[in-house]
Amino acid sequence: MGLPKSSLTDDEQIVLEFHPHWSTLIATIFWTVVVAVVAGAVIVFIPAGGSQTLIRLVVAAVGVVAILVVGLLPFLRWATTSYTLTNRRFVMRHGILSRSGRDIPLTRVNDVSFQHTLIQRMLGTGTLIVESGGEHGQLVLKSIPRVEYTQNQLYRIVEELTDGDGVRP
């Protein structure tokens with residue numbers, strides 16, 4: 001679910017396309033497994049009786065709904081969040097049923113920086129901070145994969161567009 005090619009201008013080219021880092025799904029995977037194990041254990045240990053089948057079906061239905069809430073929704077949020085860096089702008093899109101987005105023209109970018117902790121460095125992720133002139137000011141994007149590379153590419157394109165002085169030639 002990246003940026004459609006039809007929304008690019010004639011001289012615009014995609015440099016990078018990515019989603020938030022996969023590590024954002026670790027908690028989702030953990031809770032999905034916990035819900036499945038707990039629901040399975042409850043189903044297995046329901047004592048025999050006249051309403052055993054009905055109770056098992058109710059527990060299974062509650063388990064499925066819980067897995068949809070703690071597993072599927074966060075995954076869909078991750079899958080429908082996309083970042084695209086072109087040679088003209090930085091594009092963010094997100095949303096499952098309704099979509100929203102933000103485009104930052106690279107000629108307005110004042111500063112691009114990143115930060116990551118030791119664990120984030122080991123996982124290859126971090127926080128990208130993009131400062132731009134305008135009413136929204138600073139944009140902080142967490143869990144960006146290959147954050148140093150992304151920061152370098154973004155900075156390189158900004159420098160090319162502005163000729164290093166903040167003014168487009």
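Taken together, the residues in the range 121-152 that are within 13 Å of His19 (Cα to Cα) and of a type in the set (D, E, K, R) amount to 2.
Residues in the range 130-148 that are part of a strand (DSSP E or B) and either under 15 Å from the mean Cα position of the chain (by Cα) or modelled with pLDDT of 95 or more (or both) were compared, and the one that is surrounded by the most Cβ atoms within 10 Å (Cβ to Cβ) is Ile144. Only residues that are surrounded by fewer than 17 Cβ atoms within 10 Å (Cβ to Cβ) and either in contact with an Asp or Glu (Cβ under 9 Å, 6 or more places away or on another chain) or in contact (Cβ under 8 Å) with a residue 24 or more places away in the chain (or both) were counted across the range 76-85, and they come to 2.
Are any residues in the range 35-57 surrounded by 13 or more Cβ atoms within 10 Å (Cβ to Cβ) and out of contact with any Lys or Arg (no Cβ under 8 Å at 6 or more places or on another chain), and if so, which ones? If the condition is that a residue be surrounded by 13 or more Cβ atoms within 10 Å (Cβ to Cβ) and out of contact with any Lys or Arg (no Cβ under 8 Å at 6 or more places or on another chain), then Val35, Ala36, Val38, Ala39, Gly40, Val42, Ile55, Arg56 are the ones that fit. Among the criteria (1) of a type in the set (D, E, K, R); (2) more than 21 Å from Glu12 (Cβ to Cβ); (3) in a strand (DSSP E or B), the one Arg121 does not fulfil is (3). Ile104 is checked against (1) assigned to a strand (DSSP E or B); (2) in contact (Cβ under 8 Å) with a residue 60 or more places away in the chain and fails just one. What number does that condition carry? Going through (1) assigned to a strand (DSSP E or B); (2) in contact (Cβ under 8 Å) with a residue 60 or more places away in the chain one by one, Ile104 breaks only (2).
The values are calculated or read from the model by the stated rules, or taken from the named source; none is laboratory data. Since we're looking at a predicted model, the values are computed, not measured. Please note: Cβ atoms are built from the backbone with ideal geometry, for glycine as well, and neighbour counts cover all protein chains shown.
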